[in-house]
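Written below as structure tokens is the structure these notes are about.
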Amino acid sequence: MQPGIRLLMVDGPQTRLGQVLLAGEVADAEPGTYTELRTVPGWVLSYVIDGSGTYRHGDGRQEPIAPGTLTVVAPGELHTYGTSPGERWTELFAVVTGPLFTTLADVGILVGNGPRPQRTPLSATVFRAVFSTRRATAAEHQLLALADWLVDAGMTTASTPSDPIEEARVLLTADLQAPVNLHEVAATVGLPYDTFRRRFVTEVGQAPLAYRNGHRLRGAASLLRTSTMTVRQIARLFGFNDEYHFSRRFHAHFGVPPSEYRRAAR
């Protein structure tokens with residue numbers, strides 16, 4: 001993707017569940033920082049994939065924003081966030097409102113206000129897929145898929161593995177569609193391959209490829225529950241060129257084929 005700011009949705013359709021006021025992504029660019037504190041009429045969601053910055057709240061708090069951090073701000077709260085002048089980051093962002101997100105806040109899923117390091121990296125692939133259609137009839141599906149993205153993330157502060165393994169987790173899940181070379185991941189994080197695999201299992205609890213495949217399949221399950229995409233489209237979105245191979249892997253992971261999983265979920 002070319003550097004810059006890309007808007008995925010502005011003033012989405014109003015539904016019984018709520019509305020997406022704004023959604024988009026920043027790719028290796030300045031995020032358009034507001035220097036003055038401001039309020040927004042919806043829930044602000046900002047997930048930083050790469051780069052760093054600072055969050056400031058109306059109560060005087062200042063907190064760092066690091067890669068793998070989800071910042072949540074409740075409606076009407078004075079705040080601002082962004083990079084230092086001239087610095088760049090890569091970010092997914094959305095502003096949402098409505099009873100669906102009020103419910104998520106009531107049950108402790110939406111926790112504001114400020115940055116929250118994530119237990120596992122969030123999927124940019126799923127986030128983009130949520131806004132891949134402009135059909136008004138899909139608006140409620142989009143809201144449910146976005147809520148599902150938040151629920152699956154866990155959205156709780158948690159201790160993270162060592163820096164090389166945390167970097168590897170981000171690399172393994174940054175693009176769930178493209179092939180991944182584990183030897184290249186190990187080299188990127190500065191570890192010999194055997195050491196990388198051993199430390200990843202010890203610190204994360206899964207082998208690297210199993211960890212990545214779990215993300216792919218959970219993302220696929222999320223879209224099966226909440227989107228109108230076909231099984232073939234979902235399989236290709238997560239890098240399965242063969243729909244039948246995807247179905248076998250999905251069945252092994254969830255105990256039912258994708259089509260049956262979708263029927264049961266609905």
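Throughout, read-outs are computed from the coordinates displayed, never taken from laboratory work. Note that this is a predicted model, so its numbers are computed, not measured. Glycine also receives a Cβ, built like all others from the backbone with ideal geometry; neighbour counts cover every protein chain displayed.
A few remarks follow.
- Taking the charge dipole of the chain about its Cα centre, with +1 at Lys and Arg Cβ atoms and -1 at Asp and Glu Cβ atoms, the residue from L224, L182, H251 reaching farthest to the positive side is H251.
- Estimated purely from DSSP H runs of n ≥ 4, each contributing -39500 (n - 2.57), the mean residue ellipticity at 222 nm for the chain is -12000 deg cm²/dmol once divided by its residues.
- Taking the chain and dividing mean pair separation by its residue count, relative contact order in percent (alpha carbons under 8 Å, at least six apart): 15
- Legend: helices of the chain (whole DSSP H runs) are marked when their alpha-carbon atoms reach 15 angstrom or more along the helix axis and their mean Kyte-Doolittle hydropathy is at least 0.0; marked are 139-153, 163-173.
- Excluding the site residues themselves, the longest part of the chain lacking any GluC sites (Glu not before Pro) in a DSSP loop with at most 14 other Cβ atoms within 10 Å is 88-266.
- Gyration tensor (alpha-carbon) shape descriptor, the chain, a/c threshold 1.5: oblate
- Those trypsin sites (Lys or Arg not before Pro) in region 1-81 that DSSP places in a loop and that have at most 14 other beta carbons within 10 Å: R16, R61
- Over region 135-266, relative contact order from alpha-carbon pairs under 8 Å, at least 6 apart, %: 25
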